[in-house]
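Right, one structure below, let's go through it.
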Amino acid sequence: MKYHRLLARQLKKTGLVDDFDPKMLGLLEFVNRAYAEFDSDMEHMENTLEKSSQELFEANQQLQSNVETVSRRLDKVAENIRDVIFEMDSTGQWTYLNTAWQNLSGCTVEQSLGMPYHTCLKAQTGEPIGDFLGLNKGLEPLHGKKFEITSHKGEHKWLDMSIKPLYASTGKKEGYTGTIVDITQLKNTEFALIAASELANKASKAKDDFLSTMSHEIRTPLNAVIGITNLLLIENPKIEQLENLSALKDSSSHLLELVNDILDFNKIASGSLVIEKRSFDLKDTVLRLQNIFSQRVKERGINFNLEIDDKLPQLVVGDSTRISQILTNLIGNAIKFTEIGAVSVCISVKQQTKTQCSLDFAVKDTGIGIRKDRLKDIFKTFEQADPNVTRKYGGSGLGLAICRRLLELMDSDLYVDSTLGVGSVFSFSLNLAKDSMKPILATSSEIHPNKAEVKQSLKGKRILVAEDNKVNTMVIKKFLTKWEANFDLAENGRIAIQRAEKVRYDLILMDLQMPEVDGFQATKVIRESNKSLNRNIPIYALSASTGMYSQKDMNTSGMDGLITKPFNPEELRQTLFNILNRDTPRDGLGQTA
Amino acid sequence: MDIFQFKVTQLADVEHLEIPFEPNIFFLFVSPGFSAIDAFVEQLALTYPDTEIVGCSTSGEILGDQVLDDCVALTAIRFQSTTKRVKDPALEQHTDSHAAGVALRKEFDEKGLRHIMVFSDGLHVNGAALVKGLNEGGTSNPSITGGLAGDGSDFKRTFTITKEGVSTGKIVALGLYGEQLQIGYGSKGGWDSFGMERLVTKSKDNVLYELDGCPALELYKRFLGDKAKELPSSGLLFPLSLRNEKGQAPVVRTILSVDEEEQSLTFAGDVPEGAYVRLMKANVDRLINGAEQSARIGTLEDDGKDKLAFLISCVGRRLVLKQLVEEEVEAVNGVLGETTYSTGFYSYGEIAPFDKFSPCSLHNQTMTITTLSE
């Protein structure tokens, strides 16, 4: 039996010879096999180790070669890019720069590495630019910076440096990386664009101003035309003249409506319309509207119904002028398009808390209605449901668009539901704050006794009219004479003040735009002067400019309200009567149409 | 449960079995070198006509603390209340191993089915697919354990046994029913992966052609060095650790056969393309620790009653452990305790769930333990 050489050596060393008993032989056999197997295992392990090492070596070489290829490729990209790519340490010293840096700064990459980042850069003044990132002050550059330099070639340049901190795997900040991009061209374009946009804004503003002024200027002569037409109408014209005068009145009214709408629309479009928040009596406002429209409704032979929820709070906070304007527009439309039946205005309280109320408004008519497929178009500017409508019923086509924009400004919207030949419902909701203050006013029914049938008399009432426009003065003079009022005229605010010092009036009507002293100033003086005999009497503004003056302007000057020109003779008389027959001398009330 | 064990070394032993009870089942784990197996099984079936016989060929029989060769490790048991059913379909009746698994499972009445013990031909089967089929074929949730038959480390002919006789290309499955039956199982390896992670670039089912674009057989031969001559058995020294996705627990796969012409390797389970593999290595201590850990998981509470444990260990472990192979069996028996009788074999693949919460799957290079008690 030939044993493993180690076992054979061991047997020889210990002097043991071949002559073993069988048990010993068995043991030797096991030991011999174990030695052989151990050798085999060892060889196996060595082979495994060698092959593994070889593989790792090859893998490592492959990786190295890959790294070289990738880094060569990256270098090529970095060297050929126009923008500067950089890395700097946390103190702001360059640790890497591509060749674009040399083109930008005039310093070579070799010179710059290890230098502070701002060394080669000069400010516009030619002075060194300094540590504009504030790294030495311990500032952390978060997003980078746009800055101006004078390049080494003396050109003025805008640069955009974007920068990002670099962190080690331990979380410690190692420095920064980023890019510097020449944005001179971009900046120049930006400046040019800003200049162009300013020009455009100026042009647009000039256009708006022109439109406003034009509309305003048109209104003054228009008021005169309407006023004189009204005068002629009340001076018993002949039958053949009556028709012409009616046509003249309708056309001029339509023209005025157009001008007013354009003014309003322009104001909304330019964003200069501010929604006011003031306490007012909504029920009273609606009753006034009813009063205003009563004449027209009567003329058309239709009914006007007012349904106001009993739960409606007495005082709410909002813009009464604009709410009136919306309702006026909707009611006006409803009347215009209704030949038989009724126009109804419904105001209901959807819900209310202690401080807030949510109100639903609806203006219903039994008029011509609108085709379903045209419903979506009626809110567009200068659109009406049917082109024929304009011819037959008039209107600018701006009214509903204005209503909708106004409601949008009040966080609401306008809805319409209509059946052709049956009628239409225009509705909107408003969330208004409630005012818990007790109203100082007398109740509206007292202000507006619904006695449309009875001619109210102004006989003997002393009224001062301050108005500079001759035609307007003539018109109002004729009206007041006809109504037997006892009146004085003032050509401007100064004269009005003088008169008010001498005579005690029941009412002063004050034009707003007058030479020397305007309406606001005059009112203020009359209210505040010790000499004045008229500190507490009603003073109402006369103005063609609806919406041009805010409630605030009225109140600061001490105006009680506003009467818009041109006057409808009947409405004016009614209004004057109401003012003069009010219990309380001053009410601080909103405007009267 | 009554248990009787006997080491059969010759045909005549069948006449000297003095079993003190009428057994329900014989478990026979047979060395491929025991040439009288056909006659033995025939005689045993004649002598005990009402007793089921299940078993297979091995790469080493386990009986008690011993690891044997050239004999039959016989275990006879009688259940108190557990009932059993034996099925042994041929693999070739089905399109593939998965279909065979599904069909085999469907042959069992699912009602009350607690456990299925499976012994399959070790060479003509895709063990992973078979196990998948066994899981999918049924509606209930029995535990499934077992192993693939071995034949030393020759990879030439393995067989399974029923009372009908000895056959190749078959699967033997024993279904166990009954509330009283308690089952424990555990399966642990002890191998570590080493070296580069390699991508499976070409494979089909359980046949691997290329790793990282190179012929897989060539790589194996390079690492085996001189031992390449002993393929496929020497392939057992290099099991593959295979993972499909990052984060997934890797499975171990060993070689069943090689094809020089195709330069391919056939594994006991699927090796899908796109999977990553690493070679594995082991040492004696780690393997013994692995076996012990497996026993701790698979042991049942000691209630003083006799229990039977099946120890199915991979032939690859035997090649590493060599003269120390009994150490892992002793380590297992030390954990299982004195009331547990053990038998089993060295196999070409082990079948068991990873843990209590996973479905059963095919393993390689593990010590897989199934413990039964009533």
- Message: Looking at the stretch B:51-70, can you tell me whether even one residue there is free of Cβ contacts under 8 Å to residues at least 40 places away in the same chain and more than 20 Å from residue B:342 (Cβ to Cβ)?
- Response: no
- Item | Of all residues making up the stretch A:353-368, the number that are buried (at least 20 other Cβ atoms within 10 Å of the Cβ), assigned to a strand (DSSP E or B) and over 25 Å from the mean Cα position of the chain (by Cα) | 3
- Message: residue A:74 - would you say it is at pLDDT 90 or above, out of contact with any strand residue (DSSP E or B) (no Cβ under 7 Å at 6 or more places or on another chain) and more than 14 Å from chain B (Cβ to nearest Cβ)?
- Response: yes
- Task: For residue A:45, work out the one condition from (1) over 21 Å from residue A:158 (Cβ atoms); (2) of a type outside the set (D, E, K, R); (3) more than 11 Å from every other protein chain (Cβ to nearest Cβ); (4) surrounded by fewer than 16 Cβ atoms within 10 Å (Cβ to Cβ) it doesn't fulfil.
- Result: (3)
- Query: Taking the stretch A:19-39 as the region of interest, how many residues are within 18 Å of residue B:321 (Cα to Cα), surrounded by 13 or more Cβ atoms within 10 Å (Cβ to Cβ) and either more than 12 Å from every other protein chain (Cβ to nearest Cβ) or free of Cβ contacts under 8 Å to residues at least 12 places away in the same chain (or both)?
  - Reply: 4
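Among the strands (runs of 3 or more DSSP E) lying completely within the stretch A:232-319, list those that include at least 1 residues that are touching a strand residue (DSSP E or B) at 6+ places or on another chain (Cβ under 7 Å), in contact (Cβ under 8 Å) with a residue 60 or more places away in the chain and of a type outside the set (A, V, I, L, M). Can you show your working first?
Numbers: elements: A:278-281, A:303-308, A:315-318.
By residue number, A:278-281, A:315-318.
Per-residue answers, yes or no, for (1) at pLDDT 85 or above; (2) touching a strand residue (DSSP E or B) at 6+ places or on another chain (Cβ under 6 Å); (3) over 25 Å from residue A:297 (Cβ atoms); (4) hydrophobic (A, V, I, L, M, F, W, C):
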{"residue": "A:348", "(1), (2), (3), (4)": "yes, yes, no, no"}
{"residue": "A:357", "(1), (2), (3), (4)": "yes, yes, yes, yes"}
{"residue": "A:386", "(1), (2), (3), (4)": "no, no, no, no"}
{"residue": "A:400", "(1), (2), (3), (4)": "yes, no, no, yes"}
- Any chance the stretch B:248-256 includes a residue that's in a loop (DSSP other than H, G, I, E, B), out of contact with any Cys (no Cβ under 8 Å at 6 or more places or on another chain) and not polar (S, T, N, Q)? yes
- Task: Please go through the stretch B:106-144 and pick out each residue that is part of a strand (DSSP E or B) and β-branched (Val, Ile, Thr).
- Result: B:116, B:118, B:144
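Tally time: how many residues in the stretch B:194-229 are in a strand (DSSP E or B) and within 12 Å of chain A (Cβ to nearest Cβ)?
Number of matching residues: 7.
Does residue B:328 count as in a helix (DSSP H, G or I), in contact with a strand residue (DSSP E or B) (Cβ under 7 Å, 6 or more places away or on another chain) and in contact (Cβ under 8 Å) with a residue 40 or more places away in the chain?
Working: in a helix (DSSP H, G or I): yes; in contact with a strand residue (DSSP E or B) (Cβ under 7 Å, 6 or more places away or on another chain): yes; in contact (Cβ under 8 Å) with a residue 40 or more places away in the chain: yes.
It is true that residue B:328 is in a helix (DSSP H, G or I), in contact with a strand residue (DSSP E or B) (Cβ under 7 Å, 6 or more places away or on another chain) and in contact (Cβ under 8 Å) with a residue 40 or more places away in the chain.
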- Note on the structure: Checked the stretch B:334-365 for anything farther than 27 Å from residue B:32 by Cβ, at pLDDT 90 or above and of a type outside the set (Val, Ile, Thr); matches are B:334, B:336, B:337, B:338
- Task: Would you mention how many residues in the stretch A:94-109 are closer than 13 Å to residue A:82 by Cα, of a type in the set (Gly, Ala, Ser) and not in a helix (DSSP H, G or I)?
- Result: 0
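Out of the residues in the stretch A:521-561 that are within 22 Å of residue A:275 (Cβ to Cβ) and assigned to a helix (DSSP H, G or I), state the one that is modelled with the lowest pLDDT. Break it down into steps so the answer makes sense when it comes.
First, the residues of the stretch A:521-561 that are within 22 Å of residue A:275 (Cβ to Cβ): A:541, A:543, A:545-557, A:559, A:561.
Now restrict to residues that are assigned to a helix (DSSP H, G or I): A:551-557.
Working: A:551: 66, A:552: 70, A:553: 73, A:554: 75, A:555: 76, A:556: 80, A:557: 80.
The extreme case among them is A:551.
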- Mind listing whichever residues of the stretch B:273-288 are in a loop (DSSP other than H, G, I, E, B) and either within 13 Å of chain A (Cβ to nearest Cβ) or not small (Gly, Ala, Ser) (or both)? B:273, B:282, B:283
- The one condition in (1) farther than 30 Å from residue A:165 by Cα; (2) within 14 Å of another protein chain (Cβ to nearest Cβ); (3) loosely packed, with under 11 Cβ neighbours inside 10 Å that residue A:63 fails to fulfil: (1)
- Query: Consider residue B:240 against the criteria (1) more than 13 Å from chain A (Cβ to nearest Cβ); (2) in contact (Cβ under 8 Å) with a residue 60 or more places away in the chain; (3) closer than 23 Å to residue B:266 by Cα: it satisfies all of them except one. Which criterion is unmet?
  - Reply: (2)
- Message: I'm checking my understanding of the structure. Among residues of the stretch B:151-193 that are in contact with a Cys (Cβ under 8 Å, 6 or more places away or on another chain) and aliphatic (A, V, I, L, M), which one is farthest from the other protein chains (Cβ to nearest Cβ)?
- Response: B:172
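Pick from the stretch A:124-150 the residues that are of a type in the set (Lys, Arg) and in contact with a strand residue (DSSP E or B) (Cβ under 9 Å, 6 or more places away or on another chain): which of them is modelled with the lowest pLDDT? So that I can check it myself, show each step before the final result.
Within the stretch A:124-150, the first condition is being of a type in the set (Lys, Arg), and the residues that meet it are A:137, A:145-146.
Now narrow it down to the ones that are in contact with a strand residue (DSSP E or B) (Cβ under 9 Å, 6 or more places away or on another chain): A:145-146.
Details: A:145: 85, A:146: 88.
Out of the qualifying residues, it is A:145.
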- Across the stretch A:562-591, which residue is modelled with the lowest pLDDT among those that are under 35 Å from the mean Cα position of the chain (by Cα) and β-branched (Val, Ile, Thr)? A:564
- Per the list (1) β-branched (Val, Ile, Thr); (2) under 57 Å from the mean Cα position of the chain (by Cα); (3) surrounded by 12 or more Cβ atoms within 10 Å (Cβ to Cβ), residue check on residue A:70 breaks on (3)
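Tell me yes or no: at least one residue of the stretch A:193-201 is surrounded by 14 or more Cβ atoms within 10 Å (Cβ to Cβ) and under 30 Å from residue A:83 (Cβ atoms).
At the first step, the residues of the stretch A:193-201 found to be surrounded by 14 or more Cβ atoms within 10 Å (Cβ to Cβ) are none.
For the stretch A:193-201, residues surrounded by 14 or more Cβ atoms within 10 Å (Cβ to Cβ) and under 30 Å from residue A:83 (Cβ atoms): absent.
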- May I ask you to list the residues in the stretch A:76-124 that are within 16 Å of residue A:178 (Cα to Cα) and among the acidic types (Asp, Glu)? A:79, A:83, A:87, A:89
- First in the stretch A:79-93 and hydrophobic (A, V, I, L, M, F, W, C), second anywhere and part of a loop (DSSP other than H, G, I, E, B), Cβ under 6 Å, 6 or more apart: A:85/A:98; A:88/A:117
- Note on the structure: Exactly one of A:94, A:101 is closer than 17 Å to residue A:184 by Cα, modelled with pLDDT of 90 or more and either of a type in the set (A, V, I, L, M, F, W, C) or outside the structural domain of residue A:177 (by TED's automatic domain parsing) (or both), and that residue is A:101
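The values are calculated or read from the model by the stated rules, or taken from the named source; none is laboratory data. Only a predicted model underlies this, so the values are computations on that prediction, with no experimental measurement involved. Counting neighbours? That spans all protein chains shown, and the Cβs are built from the backbone with ideal geometry, glycine included.
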